[in-house]
Amino acid sequence: MRVLELFSGLGGWRFALGDRGRVVAAYDVSEPANATYVLNHGDQPHPRELAAVSAETLAAHGADTWLLSPPCQPFCRMGNREGLADARCRAFRHLMEVLQEAPPERLVLENVLGFLGSDAHQLLTERLRAQGLMWLDLEACPSSYGLPNQRPRAYVVASRQPLVPRPLPQREPQPLAAFLDAVEDPSLYLRPEVFARHRHGLDVVEAQNRRSTCFIGGYGRRYVGSGSFLRTPQGVRRFSPAEVARLLGLPGDLRFPEGLSLEARYRLLGNGLSQPVAAWALAHLA
């Protein structure tokens, strides 16, 4: 597969792709995301707003596959649920026009479960049908792969070839202890007064537990509904970026640019992909 990685972030699709193909071009407007992408993959994404990239420009890359994770805020339960009316869908709406002019042979889209049944999902499937592509609407969670993290996601897998649903494994999640740093960062601990203020809304877990909630991009700034917090004998702390990365199944040698803020690291991870589930979605194209 010759892949266009759209909304590329830190390159989660590229990690999941493995030897199934190669990324011929990536696009993202985020400077921290693109700097992280270069550091881990060696290639520079195009720092352009996709809504302004023509069909001719995208087609010139010679890709036959699109992998994309458009912004989820228009569809998530904590968002405004405005769907296509949300300004953050502008690039997605443009890509649906490109899909009419220069369709790929294959496509895999990842988003929150609320994407399924939305007006954006309806528009996508209309475009796929018009171009003669078949598709599957899939749902999966990394907990099926033994990761102690609840991150249910929707995938739309499309191809000109017939598609057959692949079963998910049903592995018991491991204890969180297997994903924790050997040496803790003391700055991640919540001050007692902060914990007291938010304690009733926090999802607090311990090392022996086998679950954690979905970490979102706002984990570094928000408390309630942003992800789990870890209780230790020393108190309650955030999970570190390295721990969140392990819970996403990202490579152990994942690197961030020197000086990238903690909040920016959480934002990139919160917008990232669960690797085993993304690889499972890609396997439908084999």
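Taken together, the values in this text are just the output of simple stated rules run on the coordinates, not laboratory data. Quick caveat: nothing in here was measured; it's all calculated off a predicted structure. Because the Cβ atoms are built from the backbone with ideal geometry, glycine has one as well, and the counts that use them run over all protein chains shown.
So the values come out like this:
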{"quantity": "Total formal charge among the other residues, if their Cβ is under 15 angstrom from that of G249, Lys/Arg +1 and Asp/Glu -1", "calculated": "+2"}
{"quantity": "Full-stretch length increase - D181, R231 - with 0.36 nm per residue and alpha-carbon distance subtracted", "calculated": "16.6 nm"}
{"quantity": "Under 5 Å, built H, 5+ apart or other chain: amide partners of V112", "calculated": "A154"}
{"quantity": "The chain: angle of helix 31-41 to the longest principal axis, Cα-based, in degrees nearest 10", "calculated": "80 degrees"}
{"quantity": "Gain upon complete extension [Q150, E101; 0.36 nm per residue less C-alpha separation]", "calculated": "13.9 nm"}
{"quantity": "Per-peptide average of other Cβ atoms within 10 Å, ordering 266-272, 153-159, 36-42, 137-143 highest first", "calculated": "266-272, 153-159, 137-143, 36-42"}
{"quantity": "In region 166-231, GluC sites (Glu not before Pro) in a DSSP loop with at most 15 other beta-carbon atoms within 10 Å", "calculated": "E184"}
{"quantity": "Whole-Hz ³J(HN,Hα) from phi, Karplus 6.51 cos²θ - 1.76 cosθ + 1.60, for region 263-280, glycine and proline x", "calculated": "4, 5, 5, 4, 5, 5, 5, x, 8, x, 10, 6, 4, x, 6, 4, 5, 4"}
{"quantity": "Among D181, D64, D19, residue whose mean-square fluctuation peaks in a GNM of the chain (springs only between Cα atoms under 10 Å)", "calculated": "D19"}
{"quantity": "Per-residue Cβ neighbour rank within 10 angstrom, fewest leading, V204, V224, V108", "calculated": "V224, V204, V108"}
